[in-house]
Each structure stands twice: as C-alpha cells, then as structure tokens.
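Notes to accompany the following structure.
Just so you know, all these numbers are worked out from the coordinates, no wet-lab data involved. This structure is a prediction, so every number in the text was calculated from the model and none was measured. Note that each Cβ is placed from the backbone with ideal geometry, even for glycine, and that neighbours are counted across all protein chains shown.
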Amino acid sequence: MKNLNFSPLKKLEIILEGEHQEFATDLLDRAGVKSYTIINNLSGKGRQGFHEGHLMFNEDDVLIMIIAAVPEELVEPILEGFAPFFNEYSGVVFTSDIQVTRLVKFKN
Amino acid sequence: MKNLNFSPLKKLEIILEGEHQEFATDLLDRAGVKSYTIINNLSGKGRQGFHEGHLMFNEDDVLIMIIAAVPEELVEPILEGFAPFFNEYSGVVFTSDIQVTRLVKFKN
Amino acid sequence: MKNLNFSPLKKLEIILEGEHQEFATDLLDRAGVKSYTIINNLSGKGRQGFHEGHLMFNEDDVLIMIIAAVPEELVEPILEGFAPFFNEYSGVVFTSDIQVTRLVKFKN
C-alpha cells in the first residue's frame, strides 16, 4: 500500500468532429489542463445523422474523443467554455468520477 | 453557472466483434437510443483468446466498442436484449454513471 | 429482470506508450486479469510533450489505452506493479466504478 494514494478527479470525455480538435485542445490548454489523450477516427450516430469513420481519407470529417482528467473545480469552467460551441456543432461531453494515484500529473 | 445543468445518465460501453455491429446498433435504435459513438479496430484478449486488431484487412475480425449514454430506465431493456447474444458470442457491456449538461441530446 | 444480476467491478484505463504494451499485458496476466481490450493509435499531450498518432508508421511511438475490468481486490496489486514503471515512463491509470452483468467473464 505504501506506494498508493488515490485522489479523486473528474474525467471529461469530449466527443466532437475532428476538424474542431484545435478549438477544443486550445480551450483545455487555457483552462490549465495538463494532459489529455485523443482517440481518433470514431464513428457515430447522432442528432445530425451518421458519421462514418474513414481512416484513409477525409479525416477531418470524423469524430474524436478527447479524454482529460481534471480537478473538480475545472469542470464547470471547461463546460461553460464548450457550451456555445455545442449550441452550434454536434458533440457531447461526458463527466464521470475517476481516481488516480499520481495526482502530480494533473494538478499544478 | 447559468449554462450548466448536470443530469445523470448511464454510459454503456459495449465491446463485441465488429462483424456484429449492425446487430448491436439495431438493438440500440429499437430501444430508443438517440446517439452512440463507435471506437473501431480494438485489440483484446478474452475468453476466446487474443483478438488482434488488423487495420488494413480483415476488419470484421476485430473488436469494437459502442459507447452510448442512456437514461437509467433503458439500461435493463438494452442489457436484456443483449443477454442471448453474449451467451453465444464474446464481448461484454460495462455500465457506469456519467453526467451530461445537454440532456436534450439523449432523451426524447 | 430475470437475466440480469449486476456486479460491481473496477475499470482500469491504462494509458501508456505502445512500445510498453507487452510489459503492461504481462503484468495484467500475472495479476490474474482474464480479459482486456486495447485501443491503439492514441494521440496525447502530456508532461513529456505531445505524442501524435501516426497510423501508417512508427506505431511503437504512439499511446495505447488498455481497458480492464477487475475485481476490487486486484486494483492495488496491479497499480503497485505499475508504480515503478510510471516513475520512469509517461502514462497514467484511471480507476473507476463499473457494473457488469456477466461476472463469470472477470472472476476465476
């Protein structure tokens, strides 16, 4: 047990069209998010119909999921930052509880 | 805070062989699920041995994860719908708690 | 309801460079983990800078996420096993609560 010290964080799973990746990561950077992971080439069916993942071409037209683990106090500023975007574009953010053992990687 | 109104939903993460994607998405459609996202080309080790993701060929032989956020009352009907399938084929469904701020995208 | 019997498990989402996949899966195998799923070709920005996913080449230089559902009693041994690794290499493990209906797939 000596090495482990669990800390609660919030996991944000941000699903949006890949062409908007830079908007999203800029927002996360400005909010102080220290790290995130991106799953590319997702397919999805949503309110605007079916988005098919094309691996070899047209990559801008597929969905991505940006996964970020953030302190709870960052959730609201980040989601407020995304709110106007999701009024216009398809996508969603799932918020959930996680635990990590190496908090230094996520907090300043 | 004015833009945010968190609502609890259940996240289903359905992992199965890609060749059964249509069965799964048809089941979700019939259950009233309004949107889902699919991660393609997963590798996995499971009870039937190791499934290796081959990106360039044989895509039907890889795993996919279908991610859907659903109201709690849909979880049981959906999982009951999948139960006979998972008696025969490999795969699993993870159920977990999430929060979303734009419930209109998930409920009728 | 007759077919469903939810059991709590812990989901581990292990994000690390793909070149270390075998180390990670060996550790999971030795810990008694019966199944896991791997998402390949992730991009990420972390403490060691931005890792871009290159689909066509240099696959060893991208991130992967290994997803495993384990009984709670396995979480600490697994994370203790990874602790020395993450002292040296980039990556993280997210731990969260999930429920499954087919526990036989995860426990011996």
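Take residue B:7, move 7 Å from Cα toward the beta carbon, and the resulting point lies 3.3, 3.3 nm from the same point in each other copy, nearest first. In nanometres and ascending order, the distances from the residue C:80 label point to those of the other copies are 4.4, 4.4 (point 7 Å from Cα along Cα→Cβ). For the peptide B:67-79, the mean number of other protein chain Cβ atoms found within 10 angstrom of a residue's Cβ is 2. Ranked by the mean number of other Cβ atoms within 10 Å of their residues, highest first, the peptides B:88-100, C:20-32 come out as B:88-100, C:20-32. Comment: the Cα-to-Cβ extended label point of residue B:29, at 7 Å, lies 4.1, 4.1 nm from its counterparts in the other copies, nearest first. In the structure shown, do any of B:45/C:45; A:10/A:45; B:11/C:10 have a Cα-Cα gap over 22 Å, and if so which? From B:45/C:45; A:10/A:45; B:11/C:10, over 22 Å: B:45/C:45; A:10/A:45.
Apply 1/(1 + (r/R0)^6) to the Cβ-Cβ distance of residue C:5 and residue B:88, taking R0 = 22 Å, and write down the FRET efficiency to the nearest 0.05. The calculated FRET efficiency here is 0.70.
Averaged over the residues of peptide A:87-95, the number of Cβ atoms from other protein chains lying within 10 Å of each residue's Cβ is 4.
Shielding of peptide A:32-38 by partners, expressed as the average count of other chain Cβ atoms within 10 Å per residue Cβ, is 6.
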